[in-house]
Amino acid sequence: MKFTKAALLCFTAVFALLSVGCANKAVCGNNNTESEKPDMDLSKEIAYTASRENVKLLGRTYFDGNILYCALSGTGAEFRFTGTQCSLTVKGDSNSSNSEAKDNHARIGIYLDGERVIDDMIDESEKSYEVFKAEEPREVTVSVVKLSESPMSTVGIKEIKCVGSTIRPTENKDTLIEFVGDSITCGYGIDDPDKDHHFVTATEDVTKAYAYLTAKALDADYSMVSFSGYGIISGYTDNDKKVAAQTVPQFYTKLGYSWGKNGDFSPQEAEWDFSGRQPDLVVVNLGTNDDSYTQNDMERQSEYSEKYTEFLKLIREKNPDARILCVLGVMGDRLYPFVEKAVEDFAQQTGDNKVSSFRLTPQSARDGYSADWHPSVKTHEKTAENVAEEIKRLMN
């Protein structure tokens, strides 16, 4: 597959929201829909569920009980219709109405024709939004995207109401990229340019992070599997103790992980169905949090590399045809040689050469920082440009 140079110049363009299939209990299939002149009924409002038949599914979503559950960063739905009105109702999780958990409430963005028209925190058990209203009917595209990550909170798309033609899914892109990572992939603190501030979901926005921007630059669909503070063998630690509970590989086959339940939905209890649309490429960016534990300890660094190789085998088992690209370095590249070793060991042990590594340029003070010394918007944009160029080179 080939990516044009023009596609790589769309960082400041209108957001082109992207997708991947569905979890079990959702019907998986091809979302492509031919554009047709719709029949319209402007006399009544019609209610729809966010099912695969009605919407394009963004990321690893889970449809059950007529609700589309969204946990991981970037999950959501997108559809098109011609009419005069559209509104949405979303369902908050068990933390949504808890004022003491306000720093962890889910953040969502709702887009009309690529422009974000609603940016809100889900601080009630149920919230409704008027997305579009016009006197004369016109064709519009509506997208709902979960901007914050899954451990803190989840959200469900409960109902879509429109006046006009039947809603229909937008088309799939030619390429699907899965990004596996940590806070860098999630867009941790990206809306807070003060490095001394700490995490809140209100300043997290996956659409400004390098992974989302990379997919957009390549005009590709995306899926994110990312959790802040997580790693390959250890989550972030400041006391030299391994945080073994905070590792991404244990949740790779799930819908995510969250502290709060949304009805009967807990993402860590739901298996992801890999039999649907498979990614053409899997990008892994893990090691920043491991480095807080491994430091310069060769034994720990070797353990990281060995477990990384095991994780690559799991990714290959679930995605037999995908190319895999392993990156590291934005918030420090000390472990990068052990990423290279993991890739080399994987190729030697399996004979699989569709795996490669790519060192990312460490962030610079001149580009600024976000909360807790995380990458700034400018750093994410530079990283996305570099990763997109490497992907273009690999996939051509």
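Going through (1) more than 27 Å from residue 195 (Cα to Cα); (2) touching an Asp or Glu at 6+ places or on another chain (Cβ under 6 Å) one by one, residue 310 falls short only on (2).
Is it the case that residue 290 is touching a Gly at 6+ places or on another chain (Cβ under 7 Å) and within 23 Å of residue 251 (Cβ to Cβ)? Lay out the reasoning, then the answer.
On the way: touching a Gly at 6+ places or on another chain (Cβ under 7 Å): yes; within 23 Å of residue 251 (Cβ to Cβ): yes.
When the stated conditions are applied, residue 290 passes them.
Just one residue in the set 347, 342, 365 is under 27 Å from residue 189 (Cβ atoms) and of a type in the set (A, V, I, L, M, F, W, C); that residue is 365. Are any residues in the stretch 196-243 among the small types (Gly, Ala, Ser) and part of a loop (DSSP other than H, G, I, E, B), and if so, which ones? Residues satisfying the conditions are 209, 220, 228, 229, 234, 235.
Residues in the stretch 324-379 that are at positive phi and charged (D, E, K, R): 372 only. Is one or more of the residues making up the stretch 335-353 hydroxyl-bearing (Ser, Thr, Tyr), under 21 Å from residue 205 (Cβ atoms), open to solvent by less than 30 Å² (accessible area, probe 1.4 Å) and touching a strand residue (DSSP E or B) at 6+ places or on another chain (Cβ under 6 Å)? Looking through the stretch 335-353, none of the residues is hydroxyl-bearing (Ser, Thr, Tyr), under 21 Å from residue 205 (Cβ atoms), open to solvent by less than 30 Å² (accessible area, probe 1.4 Å) and touching a strand residue (DSSP E or B) at 6+ places or on another chain (Cβ under 6 Å).
Looking across the stretch 244-270, the residues that are open to solvent by 50 Å² or more (accessible area, probe 1.4 Å) and either in contact (Cβ under 8 Å) with a residue 60 or more places away in the chain or part of a loop (DSSP other than H, G, I, E, B) (or both) come down to 244, 245, 246, 257, 259, 261, 264. Does residue 165 satisfy being closer than 15 Å to residue 81 by Cα and crowded, with 19+ Cβ neighbours inside 10 Å? Against the criterion (closer than 15 Å to residue 81 by Cα and crowded, with 19+ Cβ neighbours inside 10 Å), residue 165 qualifies.
Could you tell me whether residue 95 is over 19 Å from the mean Cα position of the chain (by Cα), at pLDDT 95 or above, in a loop (DSSP other than H, G, I, E, B) and of a type outside the set (Asp, Glu)?
Criteria not met by residue 95.
Within the stretch 99-129, the set of residues being more than 17 Å from residue 156 (Cα to Cα) and open to solvent by 30 Å² or more (accessible area, probe 1.4 Å) comprises 99, 100, 102, 103, 113, 115, 116, 117. Screening 207, 203 for residues that are in contact (Cβ under 8 Å) with a residue 40 or more places away in the chain and open to solvent by less than 10 Å² (accessible area, probe 1.4 Å) leaves exactly one candidate, 207.
When the stretch 271-291 is filtered for residues that are within 17 Å of the chain's Cα centre (by Cα) and open to solvent by less than 10 Å² (accessible area, probe 1.4 Å), the ones remaining, listed by number, are 281, 282, 283, 284, 285, 286. Among the criteria (1) in contact with a helix residue (DSSP H, G or I) (Cβ under 8 Å, 6 or more places away or on another chain); (2) open to solvent by less than 10 Å² (accessible area, probe 1.4 Å); (3) not small (Gly, Ala, Ser), the one residue 61 does not fulfil is (1). In the stretch 78-97 there is no residue that is farther than 19 Å from residue 124 by Cα and touching a helix residue (DSSP H, G or I) at 6+ places or on another chain (Cβ under 8 Å).
The values are calculated or read from the model by the stated rules, or taken from the named source; none is laboratory data. This is a predicted model, so every value here is computed, not measured. No Cβ is skipped: glycine too gets one built from the backbone with ideal geometry, and neighbour counts run over all protein chains shown. All accessible areas refer to the heavy atoms of the entire protein, side chains included, with ligands and DNA or RNA removed. Shrake-Rupley method; radii C 1.70, N 1.55, O 1.52, S 1.80 Å.
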